[in-house]
1. Residue farthest toward the positive end of the dipole of the chain, with Cβ of Lys/Arg at +1 and Asp/Glu at -1: which of V105, G325, M68?
2. Need the full-extension length gain, A168 to N273, defined as separation in residues times 0.36 nm minus the C-alpha distance. One decimal, nm.
3. With a 10 Å radius around each residue's Cβ, average the other Cβ atoms per peptide and rank 332-342, 143-153, 107-117, 207-217, highest first.
4. Convert each backbone phi in the range 209-219 into a coupling constant with the Karplus relation 6.51 cos²θ - 1.76 cosθ + 1.60 (shift: θ = phi - 60°), then list the ³J(HN,Hα) values in order as whole Hz, x for Gly and Pro.
5. Cut-off is 10 Å between beta-carbons; in what order do M141, M68 appear when sorted fewest neighbours first?
6. Identify which of the listed values of volume of the Cα convex hull per residue in Å³ was calculated from the structure shown: (i) 156; (ii) 185; (iii) 140.
7. Say each of D69 and N376 gets a label point 7 Å from the Cα, pointing the same way as Cα to Cβ; how far apart are those two points in nm?
8. Using Cβ counts within 10 Å as a stand-in for footprinting exposure, how do D263, D343 rank, fewest first?
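Just so it is clear, none of the values below were taken in a lab; they were calculated from the coordinates. Only a predicted model underlies this, so the values are computations on that prediction, with no experimental measurement involved. Please note: Cβ atoms are built from the backbone with ideal geometry, for glycine as well, and neighbour counts cover all protein chains shown.
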Amino acid sequence: MYELIKTSPRSKARLGRLTTKRGTIDTPVFMPVGTQATVKALDLRELNEIGTEILLGNTYHLFLRPGMDIIRKAGGLHRVMNWDKPILTDSGGFQVYSLAKIRKVRDDGVEFRSHLSGEMLFLGPKESMAIQRELGSDIAMLFDECPPHGASAADLEAAVKRTLDWAAICAEQPRAEGQLYFGIVQGANAPELRKRCAEELVAMDFDGYAIGGVSVGEPEPEMMHAVELTEPHLPAEKARYAMGLGTPAQLIELVARGVDMFDCVLPTRVARNGTAYTSRGAINLRASHQKEEFSPIEEGCECFACTHHTRAYLRHLLKAGEILGLRMLSVHNSHFFMEVMRDIRRHLAEGTFDSYREEFIGNYQPTSKVLEGRANSRLPK
């Protein structure tokens, strides 16, 4: 359960603690994404070294591969991974809509064709919660409908109705021992839909609440607006989770808007493209000017990559196609995200979060994609 410890005097930032069956998590927290029972390029030793408190797994992917028969025989997801800390599992709803090639939405769930085998399968609220019960996750997300960015008003209305109907069904399903259920608020940037979805989910009294329908291709201002529309309708005594977000600067801004939990594939995904995060923004280590840079990725960073290797050496590994280069960037980026969260918690505890926020955002250079999204946002300037 969630304990609110302290709030910021100048923003909605919250310092808290979430207790699960397998341990207590200090919040705000970033959850590395272990979609298929692994965080790409990182082993368990490295995840522990960077201070990981909780991992994310995914119902859809694990259901397809290795499959529930294998997971059941192994004794659950924790034993499959040999991970003894908390795990949060996504319901699979987002993946059904984003990955499945053919799908048919029904009142009781979704028929879809596996993106792996082409087999026709079905996933609904009962099935999703049953899978998550067998996975044995500490936090299970409710099955929802996540409409794409730019969906029509009618489609948004229908998605909210299904999300609420399915949430009521999810609430009736048996849980794994000590498992927490988190509801997911949909509604895009429609104020009344966000309000209705949040209030009806809160009335069902789940253990925490997620802000869904973000990180679906919308520009940054629309993403922030969706969070701002949702947060006022969520109870202060429950954890809030922004799904699929975001960059280091976005995490700080989302914390300031009252969010406690985050997950995102960016740390390892961009590492595989040669990108590293620093306190001044993302840098391209494949760039030619890095070949004679004999300094670490980030001065003062205590990750293994920065304490043992230079930018020049890491660039060499990347250009040579050596796996070590991708691994070291994945280690650094994941450590950097964890360090940002530790800094946020420390400044919240000390009452200096708002000045930290101003300094970090002032020094951080957004990517061209983020800047383009800000310029092209459909929200009023």
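1. Value computed over the given set: G325.
2. The A168-N273 span can extend by a further 33.6 nm.
3. Output ranking for 332-342, 143-153, 107-117, 207-217: 207-217, 332-342, 143-153, 107-117.
4. Computed from phi, the couplings for the range 209-219 are 9, 10, 9, x, x, 10, 6, 10, x, 7, x Hz.
5. M68, M141
6. Computed from the coordinates, volume of the Cα convex hull per residue in Å³ corresponds to (iii).
7. 4.6 nm
8. Ascending number of Cβ neighbours within 10 Å: D343, D263.
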